[in-house]
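So the structure is just underneath, and the comments pick up after that.
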Amino acid sequence: MIVRRFILILLFGLAISIHGCDGESSSNSQDKVTGVCSNQAIPFDQTIFLQNGYHLYLIGDTGTGDSNQVFSAEILEKYHLQYPLDAIIHSGDIFYPSGIDRASEANVDDKFHGIYDNLAVDNIPWYLVAGNHDHEGSIAALQDFAARSPLLNYPGRYFLHRLHKNELSWPLNLIATDTTPFTHNANQLEQLAWLEQQLAQHRQHINIVFGHHPVFSNGSHGDTLPLKASFLDLLTFYQVPLYLSGHEHSLEILQNKAGPTYLISGAGGQKLRAIACAKNSLYAAQEYGGIAMFITSTNIWLIPVTHTSLVVMFQLPLQ
């Protein structure tokens with residue numbers, strides 16, 4: 001295992017060194033819009049990890065069970081081997097095409113355990129939300145699936161989990177939401193009331209909110225209009241620094257004048273879709289991978305992670 005990890009680290013470093021800073025490879029740059037969209041990008045600096053902080057990784061739209069999912073999983077593993085993670089956040093669509101009906105069915109092994117349990121990420125906790133495809137199956141079965149592993153966290157459709165590290169005196173709150181009912185115009189007063197209660201109760205802490213659907217997006221799906229109402233109002237009023245999502249099969253970091261910084265990470269296995277830079281984009285990539293976050297008490301660093309780029313990051317000061 002030690003030899004295998006060393007080889008993976010060497011390969012990851014080689015992949016980084018032979019590609020340019022725009023995140024494009026020479027073989028497919030004509031087919032993909034990818035890379036830095038803003039002058040806010042700064043060179044990746046591994047010395048940030050010398051500080052005490054929480055190191056997270058956002059990945060989503062994984063559940064294909066095919067070579068693309070394996071490829072994205074290996075990118076995650078290689079990154080973790082160089083820069084160990086504290087947690088993985090899954091932005092939903094864990095099982096394609098229609099979720100699961102039983103926690104014991106073949107999908108579970110073919111599209112999750114059979115892929116991630118064989119990697120060096122098998123000791124990292126995951127925090128899950130359901131995507132629209134997961135909702136086509138049984139949410140109760142998805143909860144049962146997570147309950148069978150001490151590393152998988154999905155106690156309900158929405159929940160709060162508080163991360164603690166011994167060397168840090170402050171916690172980090174991960175607040176999971178269920179966005180699919182919003183897109184079906186279902187009454188979500190109960191979920192919104194719960195979300196406001198969590199944000200109000202823990203407003204002195206750093207709260208990271210995540211769900212499957214993006215609020216804003218420059219990808220093929222575009223903005224999620226039902227979220228641009230009370231849901232967005234709560235994120236803005238309580239000064240949530242980050243909202244994490246998937247759904248778009250691409251990677252994107254974007255900002256608007258008000259509200260959080262938005263991370264979209266849905267390039268975990270499903271076929272990639274077009275993404276474009278726009279005036280509110282910091283980063284856009286039609287590549288497999290994820291987005292890492294390193295969070296201290298004063299700053300958040302956002303790090304796009306693909307097989308072609310680990311060369312830039314974005315710094316968000318915390319007020």
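For the chain, the Kirkwood hydrodynamic radius from C-alpha pairs, put into Stokes-Einstein at 25 °C and a viscosity of 0.890 mPa s, yields a diffusion coefficient of 126 µm² per second. Measuring r between the beta carbons of Ala140 and Ser220 and using R0 = 51 Å, the FRET efficiency lands at 0.95. Compared with the direct C-alpha span, the chain from Leu168 to Gln40 gains 43.2 nm at full extension, assuming 0.36 nm per residue. Under the convention that each Lys and Arg Cβ holds +1 and each Asp and Glu Cβ holds -1, the size of the dipole of the chain around its Cα centre is about 620 debye.
If the label point is 7 Å along Cα→Cβ of Asp66, which residues in segment 260-301 have backbone nitrogen under 17 Å from it? Within reach of a label on Asp66: 266-274, 287-289. Summing charges over neighbours of Asp101, with a neighbour being any other residue whose Cβ is under 13 Å away from its Cβ, gives -3 when K and R count +1 and D and E count -1. Annotation: peptides 140-152, 244-256, 75-87, ranked by per-residue average of other Cβ atoms within 10 Å with the highest first, follow the order 244-256, 75-87, 140-152. The HN-Hα couplings worked out from phi for segment 300-307 by the Karplus form 6.51 cos²θ - 1.76 cosθ + 1.60 (θ = phi - 60°) are 10, 10, 10, 10, x, 10, 9, 6 Hz, whole numbers, x standing for Gly and Pro. Taking amide H positions as modeled 1.01 Å from N, with prolines and chain starts lacking one, the residues under 5 Å from Leu242 and 5 or more places away or on another chain are Val209, Thr261.
Which percentage, to the nearest 5, of the DSSP beta bridges contained in segment 165-267 is antiparallel? Given both bridge residues lie in segment 165-267, the antiparallel proportion sits at roughly 30 percent.
The fewest-to-most ranking of Trp194, Trp126, Trp170 by surrounding Cβ atoms within 10 Å reads Trp170, Trp194, Trp126. Note on Asp233 and Asn123: their simple-model spin labels are 4.7 nm apart, each label 7 Å out from Cα toward Cβ. Candidate membrane-span-like segments in the chain, meaning DSSP H helices with Cα atoms spread over at least 15 Å of their own axis and a Kyte-Doolittle mean of 1.6 or above, are 2-17, with no membrane implied. Scalar couplings 3J(HN,Hα) for segment 90-103, obtained by applying the Karplus form with A = 6.51, B = -1.76, C = 1.60 to θ = phi - 60°, are 9, 8, x, 6, 6, 9, 8, x, 9, x, 10, 9, 9, 5 Hz; x denotes Gly and Pro.
A Förster distance of 25 Å, applied to the separation of the beta-carbon atoms of Ser104 and Asn132, puts the FRET efficiency at 0.60. Roughly how far apart, in whole Å, are the Cα centres of segment 58-118 and segment 266-319? About 18 Å separates the Cα centre of segment 58-118 from the one of segment 266-319.
Most simply put, the chain has about 65% antiparallel DSSP beta bridges, counting only bridges with both residues inside it.
Every number in this text was worked out from the coordinates using simple rules, so none of it is lab data. Computed from a predicted model, the values in this text were never measured in an experiment. A quick note on method: Cβ atoms are made from the backbone with ideal geometry, for glycine too, and the neighbour counts reach across all protein chains shown.
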